[in-house]
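A quick write-up on the structure given underneath.
Quick note: the coordinates plus some simple rules give every number you see, no bench work behind them. As the structure is a prediction and not an experimental result, all values here were calculated from the model. Heads up, the Cβs are rebuilt from the backbone with ideal geometry, glycines too, and the neighbour counts pull from every protein chain shown.
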Amino acid sequence: MKLKQLESLLGTLQQFSNPKIELEQYPTGPHIASRMLYTAENSFGDVTDKVVADFGCGCGTLGLAAALLGAEHVVGLEIDSQSLEIASINADNLELDANFVQCDIMNLGWRGPVVDTVVMNPPFGTRKKGADMDFLSVALKIASQAVYSLHKTTTRDHVKRTALRDYNAKSAEVLCKLRYDLPQLYKFHKKKEVDIAVDLWRFVPREI
Ligand SMILES: C[S@@+](CC[C@H](N)C(=O)[O-])C[C@H]1O[C@@H](n2cnc3c(N)ncnc32)[C@H](O)[C@@H]1O
């Protein structure tokens with residue numbers, strides 16, 4: 001599938017109807033989501049025919065992008081049941097197969113490398129300090145091939161150091177820096193658009 005077609009299909013997805021600030025429910029827009037998954041497949045071969053998990057899947061954008069690119073199996077993990085309902089509707093509308101499971105990533109009972117690739121736009125940790133790094137720590141325990149994740153550019157040195165030293169990463173590479181533009185979702189957002197710089201990372205787990 002071409003990048004433009006992927007972006008356009010992702011643009012049809014329903015997003016959070018009632019976003020919960022305590023869970024940092026910001027959707028990944030179609031521009032970033034399409035490039036993230038397209039790069040994962042076309043530069044690294046990490047999606048097509050692979051088992052892909054979408055951590056904190058929200059309304060399913062990243063997992064469904066993986067399904068559109070021919071992932072063998074997609075599982076979306078999310079703590080919020082309302083978001084999971086929307087994710088299922090999105091999958092049905094695109095006639096895609098994906099499993100959406102309600103769970104807290106912090107209590108995920110999976111052991112060992114049970115999926116090939118994890119994709120995620122974790123909570124940035126503005127509500128629960130360290131949430132982004134907690135997600136990354138779990139992702140690097142259960143992916144055998146690669147973890148793709150978005151993190152604020154301001155945290156770049158910390159993310160790299162911690163992933164390599166403490167989280168079982170063999171490599172940690174920033175693939176590109178992106179402008180994460182959000183529509184005004186919450187009352188405390190003063191501007192119409194909230195604009196922050198984020199890094200798209202690719203981590204390779206060490207073999208266990
Ligand atoms: C920044 S949003 C990204 C949503 C979606 N992946 C996307 O790209 O549009 C982070 C998501 O993580 C979910 N989340 C937050 N804490 C979680 C936890 N402990 N376990 C599972 N999901 C969690 C939130 O509900 C939210 O949907």
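Note that region 146-157 has calculated 3J(HN,Hα) couplings of 6, 10, 10, 8, 9, 9, 4, 4, 5, 9, 3, 5 Hz, one per residue in order, obtained from phi through the Karplus relation 6.51 cos²θ - 1.76 cosθ + 1.60 (θ = phi - 60°); glycine and proline are x. Protection proxy ranking of 1-8, 148-155, by the mean of other Cβ atoms within 10 Å over each peptide's residues and highest first, is 148-155, 1-8. Shown for region 3-205: lysine pairs separated by 8 or more places, or found on different chains, whose C-alpha atoms are under 16 Å apart, numbering 9.
Between ARG156 and ASN93, the C-beta separation translates, for a Förster distance of 41 Å, into a calculated FRET efficiency of about 0.65. Centroid-to-centroid, using Cα positions, region 2-54 and region 98-147 are 16 Å apart.
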